[in-house]
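What follows is a set of notes on a single structure, which appears directly below.
The values are calculated or read from the model by the stated rules, or taken from the named source; none is laboratory data. Keep in mind that this is a model prediction, so the values were computed, not measured. Here the Cβ positions follow ideal geometry from the backbone for every residue, glycine too, while neighbour counts run over all protein chains shown.
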Amino acid sequence: MTGIVISDLTVGYGGPPVLDRVGLEVRPGTTTAVLGPSGSGKTTLLRALAGFVRPSGGTIQVGDKVLTSAQTMVAPEQRGIGYVRQDGALFPHLDVTGNILFGLPRAERRRATQVGPLLELVGLSPDLARRRPDQLSGGQQQRVALARALAREPDVVLLDEPFSSLDTALRASTREATLTALAARGATTVLVTHDQAEALSFADQVAVMFDGRFAQIGGPAEVYAAPATPEVGSFLGDTMLFTGQAAGPIVDCDLGVLTLAEPATGEVLVMVRPEQLVLEEPNGALTAHVVSVAYHGPDAMVRLSLPNSSTQLIARVPGHRVPHPNDLVGLTVPHPVLSFPGRS
């Protein structure tokens, strides 16, 4: 297995840097999801890893081999890296076998017997080997693209938003097949995505990128439950922010006196996620009126208003415990909440 180490990587296209002294380490055999809004530099990072663009500074090392530095620029085809694009980029005039074998050296393209095992590896039937791309579903096309990337037995696989064009059911099954195939090969993987749920469920490590820099790198549970900044927290999921006065382990804010995950003092910004709000019968606790309900099946998002306040809240509740608009409900926040230094 081979790891990746990126140090002080800077990439620009003639203007301000798209990547500004970026550093990232991906442990051998693990998956890192690079998550960020459009234009944050995610795809540029992947292209620099693949060798498609030349950085103006920094280094990229895969295993014990330096691929990019001030003195070195290894060609893409010599990097031992597989690349799967968003659209799969299959050749329409070739069948599945031809597409999978295309990236191999000419002398190895006759070994069609390896196509069946590769298709099975990505969760497809070998019976599809002679079909053209237009005879495959979107999910099947993406799995063929993955099989093509794995055919050369790369040390590293790069995935550039490969599931974004698929519908919900196909996305889940294709993602699961991809994870299984990558784990079977022991590949070190970097996934670029703007889908928060995908990053959190797919990867061992999540790297959140804004404006060409990483705002936070950590495990999925860490970056979601303990974001480094309010901006990271808000990007990873719905949040509510309240100004409060902290005194050690507690904070007083619009939701009453809450317990803090970490002690603080003075004015702070309190972050609460919708799933942290618990709705109860109104029994003397903080109360709110139900403004609207968005039912999703397994759960629902409930919009609430506090009495005598312009503050609006959002609570995520189980689908079998959905209140009705105009109901009066009690609110509690039973678990500790995060706070950030107050803003002047």
Discussion item. Exactly one of these conditions fails for residue 118: (1) surrounded by 23 or more Cβ atoms within 10 Å (Cβ to Cβ); (2) in contact with a strand residue (DSSP E or B) (Cβ under 9 Å, 6 or more places away or on another chain). Give me its number.
Written reply: (2)
Discussion item. Among (1) in contact (Cβ under 8 Å) with a residue 24 or more places away in the chain; (2) closer than 20 Å to residue 151 by Cα, there is one condition residue 77 misses while meeting the rest; what is its number?
Written reply: (1)
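Free of Cβ contacts under 8 Å to residues at least 60 places away in the same chain and either within 25 Å of residue 46 (Cβ to Cβ) or not assigned by TED's automatic domain parsing to the domain that holds residue 65 (or both): is that true of residue 97 in this structure?
Values: free of Cβ contacts under 8 Å to residues at least 60 places away in the same chain: yes; either within 25 Å of residue 46 (Cβ to Cβ) or not assigned by TED's automatic domain parsing to the domain that holds residue 65 (or both): no.
Spelling it out, it is not the case that residue 97 is free of Cβ contacts under 8 Å to residues at least 60 places away in the same chain and either within 25 Å of residue 46 (Cβ to Cβ) or not assigned by TED's automatic domain parsing to the domain that holds residue 65 (or both).
Here are some residues: 181, 169. Which one is over 22 Å from residue 1 (Cα atoms), hydrophobic (A, V, I, L, M, F, W, C) and modelled with pLDDT under 95? I'd like the intermediate steps shown before the answer.
Numbers: 181 fails: over 22 Å from residue 1 (Cα atoms).
The unique qualifying residue is 169.
For the stretch 163-232, which strands (runs of 3 or more DSSP E) that fit wholly inside it have 2 or more residues that are surrounded by fewer than 22 Cβ atoms within 10 Å (Cβ to Cβ) and in contact with a helix residue (DSSP H, G or I) (Cβ under 9 Å, 6 or more places away or on another chain)?
On the way: elements: 188-193, 205-210, 213-218.
Once the strands (runs of 3 or more DSSP E) in the stretch 163-232 are filtered for at least 2 residues that are surrounded by fewer than 22 Cβ atoms within 10 Å (Cβ to Cβ) and in contact with a helix residue (DSSP H, G or I) (Cβ under 9 Å, 6 or more places away or on another chain), what remains is 205-210, 213-218.
Return the only residue of 184, 225 being out of contact with any His (no Cβ under 7 Å at 6 or more places or on another chain), closer than 28 Å to residue 302 by Cα and among the small types (Gly, Ala, Ser). Step through it out loud before you land on a result.
Details: 184 fails: closer than 28 Å to residue 302 by Cα.
Just one listed residue meets the conditions, 225.
Restricting to the stretch 3-23, name every residue that is part of a loop (DSSP other than H, G, I, E, B) and buried (at least 20 other Cβ atoms within 10 Å of the Cβ). Steps first, please.
Pass one, the stretch 3-23, residues part of a loop (DSSP other than H, G, I, E, B): 3, 12-18.
Matches in the stretch 3-23: 17, 18.
Which of the residues that make up the stretch 24-38 are touching a Ser or Thr at 6+ places or on another chain (Cβ under 8 Å) and either within 15 Å of residue 233 (Cα to Cα) or outside any loop (DSSP other than H, G, I, E, B) (or both)?
To start, the set of residues in the stretch 24-38 that are touching a Ser or Thr at 6+ places or on another chain (Cβ under 8 Å) comprises 24, 26-35.
Listed by number, the residues that qualify are 24, 26, 31, 32, 33, 34, 35.
Could you please let me know if residue 172 is more than 28 Å from residue 20 (Cα to Cα) and aliphatic (A, V, I, L, M)? Please lay out each step first, then the result.
Numbers: more than 28 Å from residue 20 (Cα to Cα): yes; aliphatic (A, V, I, L, M): yes.
It is true that residue 172 is more than 28 Å from residue 20 (Cα to Cα) and aliphatic (A, V, I, L, M).
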Practice prompt. Within the stretch 37-51, identify whether any single residue is within 23 Å of residue 153 (Cα to Cα), in contact with a helix residue (DSSP H, G or I) (Cβ under 6 Å, 6 or more places away or on another chain) and assigned by TED's automatic domain parsing to the domain that holds residue 190, and answer yes or no.
Written response: yes
Worksheet item: Got at least one residue in the stretch 271-281 being in contact with a Gly (Cβ under 8 Å, 6 or more places away or on another chain), at positive phi, at pLDDT below 95 and not basic (Lys, Arg)?
Response: no
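For residue 332, are the conditions met, namely being touching a Phe, Trp or Tyr at 6+ places or on another chain (Cβ under 9 Å) and either on the phi < 0 side of the Ramachandran plot or at pLDDT 95 or above (or both)?
Working: touching a Phe, Trp or Tyr at 6+ places or on another chain (Cβ under 9 Å): no; either on the phi < 0 side of the Ramachandran plot or at pLDDT 95 or above (or both): yes.
Spelling it out, it is not the case that residue 332 is touching a Phe, Trp or Tyr at 6+ places or on another chain (Cβ under 9 Å) and either on the phi < 0 side of the Ramachandran plot or at pLDDT 95 or above (or both).
Against the condition acidic (Asp, Glu) and at positive phi, how does residue 8 come out, does it pass? Can you show your working first?
Numbers: acidic (Asp, Glu): yes; at positive phi: yes.
Taking the combined requirement at face value, the residue satisfies it.
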